[in-house]
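Asks: Have a look at this one before I ask anything.
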Amino acid sequence: MLDSATILGITGTIPTRTSNNLTVTTINDTKTIQAGYYPNSFTISVPSSVGTNLAANMLSSATVFGITGTIPTVSVATNTLSSEEDSIIIPSGYHASSTTITIDPTKVNDLNGSNIIDSAEILGVAGTISTRTTNTATITTKANPSAILPAGYYPNDITVNIDSSAIADVNSDNLLSSATILGVTGNIQEQTSTNRNITAASQVEMISAGYYPSNFTVSIPASATTGLDANKMLDTATILGITGNIPTNVSSNRVITH
């Protein structure tokens, strides 16, 4: 009997309760409803905001309070990247297990410092090829007709030239006609080295200008000077270094008196 009623002098002990709506806001939230008489109905509910957040934050495989989650469960097979622009799309959702993404090892065999310039780093590998700033080289002597350029990467063209002072005498007047040096062909004609004889006083042997590859002799043969004898020449004459022995006397009239 309600505590508000008395029958035959007996007052009831069932308490009369006030009906109040209740809201559960957390998973561990506990509401105590006291024993007694509730003259009006009341509601125990979960706020609508909880339901909205529940769907967006729950797996699609779960249903709570009649609300099914919207987060899909996905799986991505272990995959390999094989080129510079290769990519793998990882879908949004819940990944129940880890996934391994690797680079195809056969595609990075040449990925080492010796193939990369020293100002670059690729996939954690720093280059070791030296970057050079030298852009010119000069050859200065015949004894050392080369210019050494150290190994490395040259970002600009290299100019190799010959020191002009070292080739000042490279001109046609200093070169044989059979030679071409640095694009210059000589003017000096090569002549034939041949021994020659002068056999007459009127004979002239012309030695042409040019280059003679070996020595040669111009001489008067003994046969041409057979008659060259001091006893056959006047003492006033010297021919080819020989002075005559025949005296030259003064011609004058003379008188014989006896």
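Conditions (1) aliphatic (A, V, I, L, M); (2) within 19 Å of T78 (Cβ to Cβ); (3) at pLDDT below 90, marked per residue:
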site	(1), (2), (3)
Y94	no, yes, no
N109	no, no, no
S119	no, no, no
G124	no, no, no
A137	yes, no, yes
T141	no, no, yes
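Asks: Restricting to the range 191-227, give me the number of residues that are farther than 30 Å from A166 by Cβ, surrounded by 10 or more Cβ atoms within 10 Å (Cβ to Cβ) and free of Cβ contacts under 8 Å to residues at least 24 places away in the same chain.
Replies: Summing the residues that are farther than 30 Å from A166 by Cβ, surrounded by 10 or more Cβ atoms within 10 Å (Cβ to Cβ) and free of Cβ contacts under 8 Å to residues at least 24 places away in the same chain in the range 191-227 gives 10.
Asks: If Y153 satisfies every condition in (1) farther than 30 Å from S119 by Cα; (2) surrounded by 11 or more Cβ atoms within 10 Å (Cβ to Cβ); (3) assigned by TED's automatic domain parsing to the domain that holds D118; (4) not small (G, A, S) but one, which is the exception?
Replies: Going through the list (1) farther than 30 Å from S119 by Cα; (2) surrounded by 11 or more Cβ atoms within 10 Å (Cβ to Cβ); (3) assigned by TED's automatic domain parsing to the domain that holds D118; (4) not small (G, A, S), Y153 breaks only (1).
Asks: From S19, S41, S4, which residue is more than 17 Å from F65 (Cβ to Cβ), of a type in the set (S, T, Y) and modelled with pLDDT under 80?
Replies: Of the residues listed, the single one that is more than 17 Å from F65 (Cβ to Cβ), of a type in the set (S, T, Y) and modelled with pLDDT under 80 is S19.
Asks: State the number of residues belonging to the range 203-225 that are at pLDDT 90 or above, over 25 Å from N174 (Cβ atoms) and of a type in the set (S, T, Y).
Replies: The qualifying residues number 2.
Asks: Out of everything in the range 196-223 that is of a type in the set (S, T, Y) and not in a loop (DSSP other than H, G, I, E, B), what residue ends up being farthest from I239 (Cα to Cα)?
Replies: Filtering the range 196-223 for residues that are of a type in the set (S, T, Y) and not in a loop (DSSP other than H, G, I, E, B), the one farthest from I239 (Cα to Cα) comes out as Y211.
Asks: Is there a residue in the range 74-82 that is closer than 30 Å to G152 by Cα and surrounded by fewer than 10 Cβ atoms within 10 Å (Cβ to Cβ)?
Replies: no
Asks: Could you give every pair whose Cβ atoms fall below 6 Å, whose first residue belongs to the range 157-174 and is in contact (Cβ under 8 Å) with a residue 24 or more places away in the chain, and whose second residue is hydroxyl-bearing (S, T, Y), counting only separations of at least 6 or pairs across chains?
Replies: Pairs found: T159/T136; N161/T138; D163/T138; D163/T140; A166/T140.
Asks: Any idea which of I188, I88 is among the β-branched types (V, I, T), more than 31 Å from the chain's Cα centre (by Cα) and either surrounded by fewer than 10 Cβ atoms within 10 Å (Cβ to Cβ) or under 30 Å from V76 (Cβ atoms) (or both)?
Replies: Of the residues listed, the single one that is among the β-branched types (V, I, T), more than 31 Å from the chain's Cα centre (by Cα) and either surrounded by fewer than 10 Cβ atoms within 10 Å (Cβ to Cβ) or under 30 Å from V76 (Cβ atoms) (or both) is I88.
Asks: With respect to G244, is the statement that it is surrounded by 12 or more Cβ atoms within 10 Å (Cβ to Cβ), at pLDDT 90 or above, of a type outside the set (D, E) and out of contact with any Cys (no Cβ under 7 Å at 6 or more places or on another chain) true?
Replies: Here the answer is no, as G244 does not meet what is asked.
Asks: To continue, here is another question. With the checklist (1) surrounded by 11 or more Cβ atoms within 10 Å (Cβ to Cβ); (2) touching a Leu at 6+ places or on another chain (Cβ under 6 Å) in hand, flag the one item K31 doesn't pass.
Replies: The single condition K31 does not satisfy is (1).
Asks: Which of the residues spanning the range 46-67 are over 60 Å from the mean Cα position of the chain (by Cα), surrounded by 12 or more Cβ atoms within 10 Å (Cβ to Cβ) and outside any loop (DSSP other than H, G, I, E, B)?
Replies: V50, G51, T63, V64, I67
Residues checked against (1) touching a residue at least 60 places away in the same chain (Cβ under 8 Å); (2) under 30 Å from E85 (Cα atoms); (3) surrounded by fewer than 13 Cβ atoms within 10 Å (Cβ to Cβ):
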| position | (1), (2), (3) |
| --- | --- |
| I101 | no, yes, yes |
| K107 | no, yes, no |
| G113 | no, yes, no |
| G124 | no, yes, yes |
| T134 | no, no, yes |
| T140 | no, no, no |
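The values are calculated or read from the model by the stated rules, or taken from the named source; none is laboratory data. This is a predicted model, so every value here is computed, not measured. Backbone-built Cβ (ideal geometry, glycine too); neighbour counts: all protein chains shown.
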